[in-house]
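Asker: Quick one: structure below, then a few questions.
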2 protein chains.
Amino acid sequence: MDTVVEGVHFLAEDPADTVAWKLVATNVSDLAAKGAVPRGCLLSYPLAQDSSWNCAFLAGLRSACEHFAIPLLGGDTVREPAPSARSFALVALGEPRSEAPVPSRSGARAGDDLWVSGSIGDAGAGLAILCGQADADPPSRAALVAAYRTPRPSVALGVAIAPLVSAMMDVSDGLLIDAARLARASRVAIEIDLDAVPLSPAFRHAKGEDLAARLFAATAGDDYQLLFAAPRAQEPTLLAHATEHDRPLHRVGRLSAGEGLQLAYNGQRVPLPASLGYEHQS
Amino acid sequence: MDTVVEGVHFLAEDPADTVAWKLVATNVSDLAAKGAVPRGCLLSYPLAQDSSWNCAFLAGLRSACEHFAIPLLGGDTVREPAPSARSFALVALGEPRSEAPVPSRSGARAGDDLWVSGSIGDAGAGLAILCGQADADPPSRAALVAAYRTPRPSVALGVAIAPLVSAMMDVSDGLLIDAARLARASRVAIEIDLDAVPLSPAFRHAKGEDLAARLFAATAGDDYQLLFAAPRAQEPTLLAHATEHDRPLHRVGRLSAGEGLQLAYNGQRVPLPASLGYEHQS
């Protein structure tokens, strides 16, 4: 179950169809990280006065439900009194395909490698572009804004690798903060090589690839990629699944006895940034 | 999945613990009407700045989850920018106990009787009292306000009678409007005897029991009682279950070939009121 709130999780000017897409995608990303095949979803929807917004949202919802093969089973529509930030909640239901245990955050072991799927930082760069804090050539711009507005988690890859991993989650709040959570839940230490954090060509055009760019990518969030720990022996099988599902996997770090998060860049220890990612209000 | 919005589904001054209770209860009511045993729930919760409100909500949530035996499995917490009407979404998951088909709205047949559980109109009278539009002696006041704020759908009765009914739903928007929906879904006509609509002693103290009071009760909504159609032959078994689960069942009408809703009072046809119940915005 994920809830998105206007002005917090999406921009008021984001197109309605992309708000719907992202709502489905963020929930599906959680299913993917648990190796669960989507079965259906339920939507809580506050009706907009602007019926064109409702129609565009519905079109985006349909596209996303078709893309991720997750039918809309039901939900609730409500009216919200103005002025209210609009808020949408979606529940995605899924089932594991295999008999293997559902991957948790707490199963990682010292000696495991840390992996991520896809590339990191694209959505963050897209948001920076939308906020006027970064720019790039038009194709890169389009790719990065698309990564922010219409993320594409890979369910097929998550389902395929779930039996191979010792712990898995999705990167939603930032690679560093989510990795720190995985380490804490598993009671192990984690070291991340910032050099190894996969950056897309579009990201490099917009932000470069120096240490600052890599720290930006690793703390930006909204990636909706898989983050997992796996024994070294699984590497060939993992890479075969990555190829089959056309979504790269990169080894970005390793787990060891102890606790906490450490960063390296060019073989040197790097101090942790002030913020590891998006911290939920509490 | 039900969503409640401040100022629409609950009053800003309603105690936080009762907002939580009602949110759980309205969802459990839907499970009861499908003969489903509660298995767990998921909550989308916007954190209040006022932590005492959060704590009171949590206490009410715990009470309701314990009362209805529905553990909180997860959900999402978000921040909403002020000023926003607060909005809570809850999903209740359940499973049918028996192998019998899950009752739909569309299975009622001409010749079936129409039944409701409990009493009708109490919550509506409670809301009228809270809005200063009605009054009653203190014990009746308390009972009616409790019916509005902390409804108690009977899961056990719903599960017990599900195999006996031809169609079932809960009364949430008003007896008349919900009965009309059942008739339309089942493609039958429906006649309701307003004399037979069960009124509690507290309701009678607040609103009386004349035709106007009965129309008020039958259109007020928020009852969260079971509304169902069943063949006459099931009557003895239905009444035995009612006794066992300490929740009365009353026959309030009958279904016949045709379409539409008709009302009778003292053996006379009564015109339909302008509003049959709460109509959701569309």
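Asker: Just one of B:P201, B:P163 is in the same structural domain as B:A128 (by TED's automatic domain parsing) and either without any contact (Cβ under 8 Å) to a residue 12 or more places away in the chain or farther than 24 Å from B:T237 by Cα (or both); which is it?
Answerer: On the way: B:P163 fails: either without any contact (Cβ under 8 Å) to a residue 12 or more places away in the chain or farther than 24 Å from B:T237 by Cα (or both).
Every option except B:P201 fails the conditions.
Asker: Name the pairs: first residue in region A:57-74 and not assigned by TED's automatic domain parsing to the domain that holds A:P151, second residue among the hydroxyl-bearing types (S, T, Y), Cβ to Cβ under 8 Å, at least 6 apart or on different chains?
Answerer: A:F57/A:Y45; A:G60/A:T18
Asker: Oh, and also: Please work out which residue is nearest to A:A156 (Cα to Cα), limiting yourself to region A:64-79 and to residues that are facing another protein chain (nearest Cβ under 7 Å) and surrounded by 14 or more Cβ atoms within 10 Å (Cβ to Cβ). Give the steps one after another, and end with the answer.
Answerer: Going through region A:64-79, the residues facing another protein chain (nearest Cβ under 7 Å) turn out to be A:74-79.
Within this subset, residues satisfying the condition of being surrounded by 14 or more Cβ atoms within 10 Å (Cβ to Cβ) are A:75-79.
Values: A:G75: 26, A:D76: 29, A:T77: 31, A:V78: 34, A:R79: 36 Å.
Of everything passing the filter in region A:64-79, A:G75 is nearest to A:A156 (Cα to Cα).
Asker: Looking at this structure, is B:D30 more than 9 Å from every other protein chain (Cβ to nearest Cβ) and either charged (D, E, K, R) or more than 17 Å from the chain's Cα centre (by Cα) (or both)?
Answerer: Numbers: more than 9 Å from every other protein chain (Cβ to nearest Cβ): yes; either charged (D, E, K, R) or more than 17 Å from the chain's Cα centre (by Cα) (or both): yes.
So B:D30 fits the description; yes.
Asker: Got a sec? Which of A:I177, A:I161 is surrounded by 24 or more Cβ atoms within 10 Å (Cβ to Cβ) and assigned to a helix (DSSP H, G or I)? Walk me through it before giving the result.
Answerer: Working: A:I177 fails: surrounded by 24 or more Cβ atoms within 10 Å (Cβ to Cβ).
Result: A:I161 is the single residue among A:I177, A:I161 that is surrounded by 24 or more Cβ atoms within 10 Å (Cβ to Cβ) and assigned to a helix (DSSP H, G or I).
Asker: Which pairs have Cβ atoms under 9 Å, sit 6 or more apart or on different chains, and link a residue in region A:83-103 that is among the β-branched types (V, I, T) to one that is assigned to a loop (DSSP other than H, G, I, E, B)?
Answerer: From residues that are among the β-branched types (V, I, T), the pairs are A:V91/A:M1; A:V91/B:M1; A:V102/A:K34; A:V102/A:G35.
Asker: Just name the residue that is surrounded by the fewest Cβ atoms within 10 Å (Cβ to Cβ) out of those in region A:180-203 that are assigned to a loop (DSSP other than H, G, I, E, B) and aliphatic (A, V, I, L, M). Lay out the reasoning, then the answer.
Answerer: So in region A:180-203, the residues assigned to a loop (DSSP other than H, G, I, E, B) come out as A:187-188, A:197-200.
The next check asks that each one be aliphatic (A, V, I, L, M); those that pass are A:188, A:197, A:199.
Numbers: A:V188: 24, A:V197: 24, A:L199: 21.
The selected residue is A:L199.
Asker: Mind listing whichever residues of region A:1-27 are more than 12 Å from every other protein chain (Cβ to nearest Cβ) and small (G, A, S)?
Answerer: A:A16, A:A20, A:A25
Asker: How many residues does region B:218-237 hold that are at negative phi and buried (at least 22 other Cβ atoms within 10 Å of the Cβ)?
Answerer: From region B:218-237, those at negative phi are B:218-220, B:223, B:225-237; that's our starting set.
Subset that is buried (at least 22 other Cβ atoms within 10 Å of the Cβ): B:218-220, B:223, B:225-230.
Final tally of qualifying residues: 10.
The values are calculated or read from the model by the stated rules, or taken from the named source; none is laboratory data. Just so you know, these numbers come straight off a predicted model, no measurement behind them. All Cβ positions, even for glycine, are placed from backbone atoms using ideal geometry, and neighbour counts span all protein chains on display.
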